[in-house]
1. In percent, how large is the relative contact order of the chain, given Cα pairs closer than 8 Å and 6 or more residues apart?
2. Report the dimensions of the range 83-150 along its three principal axes from the alpha-carbon atoms, largest first, rounded to Å.
3. How big is the antiparallel share of DSSP beta bridges in the chain, given as a percent to the nearest 5?
4. What's the ranking of 81-94, 110-123, 329-342, 361-374 by average number of surrounding C-beta atoms within 10 Å, highest first?
5. So for the chain, taking the charge dipole from beta-carbon charges (+1 Lys/Arg, -1 Asp/Glu), which of F320, Q294, G215 sits furthest toward the positive end?
6. Checking the cross-link filter: which aspartates and glutamates have an alpha carbon closer than 13 Å to that of K131, excluding same-chain neighbours under 8 positions apart?
7. Full-extension gain between D385 and S398, please, as 0.36 nm times their residue separation minus the C-alpha to C-alpha distance.
8. When the helix-only estimate is applied to the chain (DSSP H runs of n ≥ 4, each -39,500 (n - 2.57), divided by the residue count), what is the mean residue ellipticity at 222 nm, nearest 500 deg cm²/dmol?
Amino acid sequence: MKKIIAAIALLGLSAGSFAQNVNKRIKQTDVLCIIKTLSADDMEGRATFTPGIEKAARFIEGEYKKIGLKPMVGDSGYRQNFTMIKTAPVKEEVSINGVSISRDNIAAVGGESFTWSTAADAEVVKETPDKDLTKDFYGYLRSGKKLLVLVDPKFSDLFNKIQSRYKGGNVSFKDNVKPDKRTVVFVLGAYDDVKSFTVNYEVKSQELPLFNVAGIIPGKTKPDEYVVFGGHYDHLGILKPMDGDSIANGADDDASGTTAVITLAKYYMKLNNNARTLIFVAFTAEEIGEFGSQYFAKKVEPDKVVAMFNIEMIGKPSKFGQNSAFITGYERSDFGKILQKNLTGTAFKFYPDPYPEQDLFYRSDNASLARVGVPAHTISTDQIDIDKLYHTVKDELSTLDVGNITSTIRAIALSSRTIVSGQDTPTRVAKLER
């Protein structure tokens, strides 16, 4: 019994010493400095293909250089460059029962020009007031069907967000890495009986560059085994003005996650004792289709990636209160159990995703690696079901709890240590079909 008590006491001492180390090395003042820069107005909302995201990339590169990260093998610098095909709409015309629809009430998603004029061309779907457009929206995009979705005016706010997101067009990989075959047209309005419809959608295509920003700390004893810490640094850019403000700063989504990636890179570089190679990556183009992480998943050898910590929206306390976060896809591997074991003796706790109806496991960059079998999970604290600032110009630093961001980063540092050290290896997830 004395030996057991001594062992428990030693475990508590060990956890306590690690926690003290994390608290000393991860400082809230440093966290605030990083997220303040990333979410500032001069970043212009960090939209893909804009000067704002270029400025954000340069800032992240500068932080990586100061930390001393090395580029990924095969890259000359921290940028992981690739080319996308952007197709911008030049014509969006819809008529229903012979009546033309205002372009303000049309939101089209398509990578190619198309024309519909009969029921054989597309299926008509009604998004009635009793449905959940937030959930159904992603199902429509993934269905592979040609759909004309009639959206009840009840969902006008969400429709406006969809329209803002896709008004600039769509993107797909060059060389058909993953061509965009989505063909969905959303129309806002109440329609009892659709007897006829026509749709004319024309696009213009151009090649544009994109880039993840990635750096590594080579592993000391297991360099061919990788642990990925990621978050996306893009956001929505400039939206319709709200109370005189049009910049969607994306402070929580996902400057908070990118801040965590940079902070963890700094922390592990100071420790300098990682057995496995650590990859720190700021993904681009998450908001328009997770294209940055999809490209990353093609470039890294997935069988060598033992775990991915995707960090997304940690700027506010979770529904479970202070010192807590949730993990998407918790049941898909023992990743979460390993993390919680490493937090024994602390106040912090990880929970399974409380929002299964939101389909969050598929809505962030972890999905790109999970599709190829990596134990890739998102860590978040956002109360997504009631977050009224999500994807609005009100997602600003002033609305966040920097203490919550700091405590979550510290918990990730503490809980990841046995995976980083090579002691624990999460079970693989089943490769995903979507």
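1. On the way: 924 pairs, mean separation 88.3, N = 434.
Across the chain, relative contact order equals 20 percent.
2. Principal-axis extents of the range 83-150 (Cα, largest first): 40, 31, 26 Å.
3. Values: 43 of 76 bridges.
Counting only bridges with both partners in the chain, antiparallel ones make up about 55 percent.
4. Working: 81-94: 17.4, 110-123: 14.9, 329-342: 19.7, 361-374: 23.4.
Taking the mean over residues of other Cβ atoms within 10 Å, the ranking is 361-374, 329-342, 81-94, 110-123.
5. With unit charges placed on the Cβ atoms, the residue in question is G215.
6. D152, E357
7. Values: separation 13, 0.36 × 13 = 4.68 nm, distance 2.07 nm.
Computed gain between D385 and S398 is 2.6 nm.
8. Details: 11 runs with 128 residues, N = 434.
Result for the chain, helices only: -9000 deg cm²/dmol.
All of the numbers you see were taken from the coordinates with simple rules; none came from a lab. As the structure is a computational prediction, the values presented were derived from the model and not from experiment. FYI the Cβ positions are ideal-geometry reconstructions off the backbone, even for glycines, and counts take in every protein chain you see.
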